[in-house]
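Notes follow the structure.
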């Protein structure tokens with residue numbers, strides 16, 4: 001009886017609302033980790049060097065970060081579309097594609113995004129844009145050819161959830177924080193060549209050593225955290241797709257078809273936009289997306 005109870009707990013059904021809520025909480029927690037790393041890093045640098053030096057770094061990093069976020073925020077959809085050489089979907093040619101998106105947006109109360117098609121034999125898709133009113137969805141020709149109506153709607157529901165949940169805005173903020181830490185690390189390490197050994201005392205030497213170690217390790221750590229956030233957002237998007245379609249098998253079957261594919265990655269896809277895609281377009285870049293089998297197991301419990 002105890003064994004049956006344990007098996008029952010293990011395979012109990014998962015409510016998509018709980019899954020969305022949990023993944024959002026985990027993403028916020030990961031964002032806090034990045035912020036703490038940034039503060040600690042700045043604290044160490046401020047002790048290892050004169051206070052004014054740290055403020056100069058902060059000002060420079062803020063200027064770069066603001067420029068980056070403005071460009072990414074307002075032009076994210078156009079940058080993503082241009083980077084994969086996608087074309088606008090013709091409504092008469094891709095009627096099922098249009099009907100699927102139109103039906104899901106009407107049911108969810110979302111505005112209709114602009115639709116694009118990317119030439120690729122892989123089953124894949126991505127969404128971009130700063131908000132639901134200024135968004136795009138792009139699917140590959142492989143997805144349109146190989147997926148049936150329910151499977152395609154499962155994939156589209158996943159991408160619509162990224163738009164509805166403002167994931168692009170969220171990930172842009174994370175990217176800016178990561179970029180700020182990387183800029184500070186680079187300036188700090190380069191400044192050591194010109195600094196000289198004019199700081200005396202064992203304490204300062206220890207702080208300087210800690211600063212060097214953090215400058216090397218911090219960008220790596222926050223990059224890994226950024227990838228972890230990307231994976232959590234994918235889980236949340238899967239749960240939201242179930243909310244939109246009310247049919248988990250559609251998305252499950254699409255994921256199984258993707259898992260069975262062995263197509264080589266498209267060379268024209270930039271690794272910078274890899275986290276946007278429905279599934280990882282690069283076989284050797286697994287950190288941007290959760291394991292497909294794990295995604296399927298969770299969906300099967302919904």
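Descriptive notes on the structure:
- Residue order, fewest to most surrounding Cβ atoms within 10 angstrom, among 161, 135: 135, 161
- The residues 167, 238, 77, 148, when put in order of fewest to most other Cβ atoms within 10 Å, stand as 148, 77, 167, 238.
- A straight chain from residue 297 to residue 131 at 0.36 nm per residue would run longer than the Cα-Cα distance by 56.7 nm.
- FRET efficiency for residue 59 and residue 220, using Cβ-Cβ distance with R0 set to 30 Å, rounded to 0.05: 0.75
- Residues 118, 110, 25, sorted so that the one with the fewest Cβ neighbours within 10 Å comes first: 25, 110, 118
- Between residue 88 and residue 212, the C-beta separation translates, for a Förster distance of 35 Å, into a calculated FRET efficiency of about 0.10.
- For segment 107-122, backbone nitrogen atoms closer than 17 Å to the point 7 Å from residue 141 Cα along Cα-to-C-beta are found at 116-122.
- Residue-span extension gain [residue 98 to residue 256] - 0.36 nm each, minus C-alpha spacing: 54.5 nm
- Site pair residue 74 and residue 186 shows an inter-label distance of 2.3 nm when each label is modelled 7 Å from Cα along Cα→Cβ.
- Once the Cβ-Cβ distance of residue 149 and residue 35 is raised to the sixth power relative to R0 = 51 Å, the FRET efficiency obtained is 0.70.
All of the numbers you see were taken from the coordinates with simple rules; none came from a lab. On a predicted model such as this, the values are computed, not experimentally measured, just so you know. A quick note on method: Cβ atoms are made from the backbone with ideal geometry, for glycine too, and the neighbour counts reach across all protein chains shown.
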